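Worksheet: the structure to be examined is printed underneath.
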């Protein structure tokens with residue numbers, strides 16, 4: 001049985017990673033955040049605190065977020081897992 005805890009905001013993810021997202025990415029993520037963790041809808045995301053895991057409702061949103069932060073990966077204080085829910 002897997003247990004996931006938390007509902008991190010865009011700002012909390014930035015702080016935990018120790019990087020700054022672009023204004024465009026912040027706006028996109030704020031507009032597409034799904035506060036409820038159950039059944040992540042297509043085009044939405046939900047980030048858990050424990051484990052530090054960004055669940056995405058489709059490959060498109062996962063790829064967009066990954067592409068926007070991958071160049072800063074060497075600056076991250078910890079690892080963020082990105083999962084795609086089908």
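Each value in this text was obtained by applying a stated rule to the coordinates, not by laboratory testing. This one's a predicted model, so the numbers in the text were calculated from it and none came from an experiment. No Cβ is skipped: glycine too gets one built from the backbone with ideal geometry, and neighbour counts run over all protein chains shown.
Just one of the listed residues (22, 83) is in contact (Cβ under 8 Å) with a residue 24 or more places away in the chain and either surrounded by 15 or more Cβ atoms within 10 Å (Cβ to Cβ) or closer than 17 Å to residue 2 by Cβ (or both), namely 83. Starting from residues that are crowded, with 20+ Cβ neighbours inside 10 Å and over 8 Å from the mean Cα position of the chain (by Cα), keep the ones in region 48-65 and report whichever is nearest to residue 85 (Cα to Cα). Among them, the one singled out is 57. Number of residues in region 1-19 that are in contact (Cβ under 8 Å) with a residue 40 or more places away in the chain, surrounded by 12 or more Cβ atoms within 10 Å (Cβ to Cβ) and in contact with a strand residue (DSSP E or B) (Cβ under 9 Å, 6 or more places away or on another chain): the value is 6.
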